[in-house]
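Step one of this worksheet: look at the structure below.
Derivation of every value follows stated rules applied to the coordinates shown; laboratory data play no part. Bear in mind that the values here come from a model prediction, so they are computed numbers and not experimental data. As a convention, Cβ positions derive from the backbone with ideal geometry for all residues, glycine included, and neighbour counts pool all protein chains shown.
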Amino acid sequence: MPNAAVRRTSPASERNQGPILAELQRWLPPTGRMLEIAAGTGQHAVHFAAGLPGWHWQASDPDADALGSIVAWAAAQPAANLLLPPLQLDVLATPWPVESNGDQATVPWDAIFCANMLHIAPWACCAALMQGAARLLSPAGKLITYGPYLVDGEPTAPGNLAFDADLRERNPAWGIRWLHEVVAEARQAGLALQQRVAMPANNLLLVFGRTATPA
Ligand SMILES: C[S@@+](CC[C@H](N)C(=O)[O-])C[C@H]1O[C@@H](n2cnc3c(N)ncnc32)[C@H](O)[C@@H]1O
């Protein structure tokens, strides 16, 4: 259940929402159903829903304060297509609340979006995200992730090295993930990396689908 609706803000979300939306508009079809994992403040949800008017947007997060913030953002910036109240969803808790319930069949999702969770959650969340996406995506569906990654054979920006050290100090289970290890977890679940887009501030946007060849 959401906690009382206090609208939280993230300066990083304000900075990155424009560039991320441009990529979502580039890689997604005009209409569909989106499940957002680890939605956080809800700023992304309202901005992306407004910029993708053909999409129904389902934000989720395990944290009750985050759910309250998403409700507050949705109320402050109503988007005609942001119809669905946020769901409490922890990727580690299977089945996810959007999955089959009794005789009600699970409806596949056209896309799943997850920004900035993999480095600030235990590594097991990566496999859980990939396996959940593989269970829930439609045949042509996309999993789109955004965040910082370490890339084998490529220098890591000093800012990301410092961020990684800070994360690991705050929680030894956290830390910026190796791109090839994330891709291996995806492959294990039946998903392939289709697009890798360099984003501002040394972040990457990754597009995964069920085949290696871009649709
Ligand atoms: C740094 S915030 C990112 C929020 C938002 N996506 C953004 O980019 O601004 C990380 C989010 O991951 C969520 N999270 C942590 N563990 C999770 C899990 N096991 N399943 C789903 N979300 C999780 C947290 O509740 C938090 O909202």
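Couple of notes before you dig in:
- Cut-off 13 Å between beta-carbons: net charge of the residues surrounding Val183, Lys and Arg +1, Asp and Glu -1: 0
- As a rough guide to protection, the peptides 113-120, 48-55 ranked by mean Cβ packing within 10 Å, highest first, stand as 113-120, 48-55.
- Built amide H within the under 5 Å cut-off of Phe113, gap 5+: Leu35, Glu36, Ile37, Ile144
- Charge tally around Ala75: other residues with Cβ under 15 Å, Lys/Arg +1 each, Asp/Glu -1 each, net +2.
- Share of pairwise Cα separations in the chain, more than 26 Å, in percent: 31 percent
- Relative contact order of the chain, pairs being alpha-carbon contacts under 8 Å that are 6 or more residues apart, as %: 17 percent
- Against the rule of thumb 2.2 N^0.38 Å, how large the Cα Rg of segment 84-159 comes out: 1.30
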